[in-house]
Amino acid sequence: MNKQHYDIIGDIHGQADELIQLLIRLGYEEQTGVYRHRDRKVIFLGDFIDRGKQQQGVLAIVRPMIDSGAALSVMGNHEFNAIAYFAQDAVTGDYLRPHNDKNRKQHQAFLCEYEKREEEYADVIAWFKTLPLWLDLGELRIIHACWDNRWINEIMQNNNDSALIGEALLKRAVVEGDWAFEAIETLLKGKEIPLKDGANFKDKDGNVRHNIRVRWWDKTAITYKSAFMGPESARTHIPDDEIMGDHLIAYGHDEPPVFLGHYWMEGEPTPLAANIACLDYSVAKPGGKLVAYRWDGERTLHKDKFISVARVE
């Protein structure tokens, strides 16, 4: 039996032109409305929406691919946020993700594309709920930000052995302090630790942050600066003090390759570790690129297997 080969694609954020370019470069052809390859499949890492100006265009490409079996996908934090922004508490009527200025600004481009198209908007949100939080394909693992067996097992035990966001899990996952909140935050946004002595920096959206996402697998990253997981342009604002407490999540070299998105990487794509790769290379901002990894069953990831297209300015 032939092994399935996959092309894993990072965060797209409404950049449909780049997605089409990348699919064509990978050898996919449109057939009756679906991009297909004769012997490969795509796996998407989520974050189809927000930021870019072609969000419906992206969904018009990825949704038929996934629904027809030409692709697989996991949920990104932006799809999770969209679900929570749409959903209301059955008792209070409050939206599960508050409609405040910060959240509305982050989500505005998506909302504008579905303005006065309520049925389509509701249909897209319902479809987002069909995207699993992770994929474990045996020899390959896919998750948006952080593979943490503790939280994956906790969700399975409390969510009917399912990686899908059901109503009960969704309602708990927006309550800060609940185990489900920390689980979803970790899996979809990454391991986070507070900076020392009230230090802070501004993220890509200009929001002041007192916590950082960290290189959760990297035992050599012992300072806040070296452990910081995000754009190199932000690292200069992170203190170089030694980290107080534990920031690591065990992921052994003998475990299957795992692919991540989320982290707004810069520079030339390369593996983070022998069996860990991030494919989010900031296509939603000037100078960024949309990145794929062409996986053919290898347990050790290689730099020459990354394929990218530059952002269309």
Q | By average C-beta atoms within 10 angstrom, highest first, the peptides 178-184, 275-281, 158-164 | A | 275-281, 178-184, 158-164
Q. Taking the mean number of other Cβ atoms within 10 Å as a proxy for protection, how do you rank 79-87, 137-145, 111-119, 251-259 from highest to lowest?
A. 79-87, 137-145, 251-259, 111-119
**Q.** Label-point separation in nm, Lys105 to Thr223, each point 7 Å along Cα→Cβ
**A.** 3.1
Q | Globularity ratio of segment 40-110, using Cα Rg and 2.2 N^0.38 Å | A | 1.27
**Q.** Rg in Å to one decimal, and Dmax rounded to a whole Å, for segment 191-313 via C-alpha atoms
**A.** 15.3, 46
**Q.** Cα centroid of segment 245-313 to Cα centroid of segment 158-225, whole Å
**A.** 19
Q) What is the log10 of I(q)/I(0) for segment 123-258, computed with the Debye formula using one identical point scatterer on each Cα and no solvent, at q = 0.09, 0.13, 0.21 Å⁻¹? A) -0.31, -0.65, -1.29
Q: Mind listing the long-range amide H neighbours of Thr223? Cut-off is under 5 Å, sequence gap 5 or more, other chains count too, H placed in the peptide plane at 1.01 Å from N.
A: Ile243
Q) Restricting the count to DSSP beta bridges whose residues both fall in the chain, what percent are antiparallel, rounded to a multiple of 5? A) 65
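Take every Cα pair under 8 Å in segment 1-51 that's 6+ residues apart, average their separations, divide by the length, and report that relative contact order as a whole percent.
Answer for segment 1-51 is 58 percent.
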Q) Length gain on complete extension for the stretch Leu248 to Lys202, per 0.36 nm per residue less the alpha carbon to alpha carbon distance? A) 14.2 nm
Q.
With bins 10 Å wide starting at 0, give me the P(r) of segment 201-251 over every alpha carbon pair, in whole percents.
A. 26, 55, 19, 1
Q) Ranked from highest to lowest mean number of other Cβ atoms within 10 Å per residue, what is the order of the peptides 32-38, 48-54, 72-78? A) 72-78, 48-54, 32-38
**Q.** Mean shadow area of the chain over all directions, Cα convex hull, nm²
**A.** 16.8
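Coordinate-derived values only; no laboratory data. On a predicted model such as this, the values are computed, not experimentally measured, just so you know. Glycine also receives a Cβ, built like all others from the backbone with ideal geometry; neighbour counts cover every protein chain displayed.
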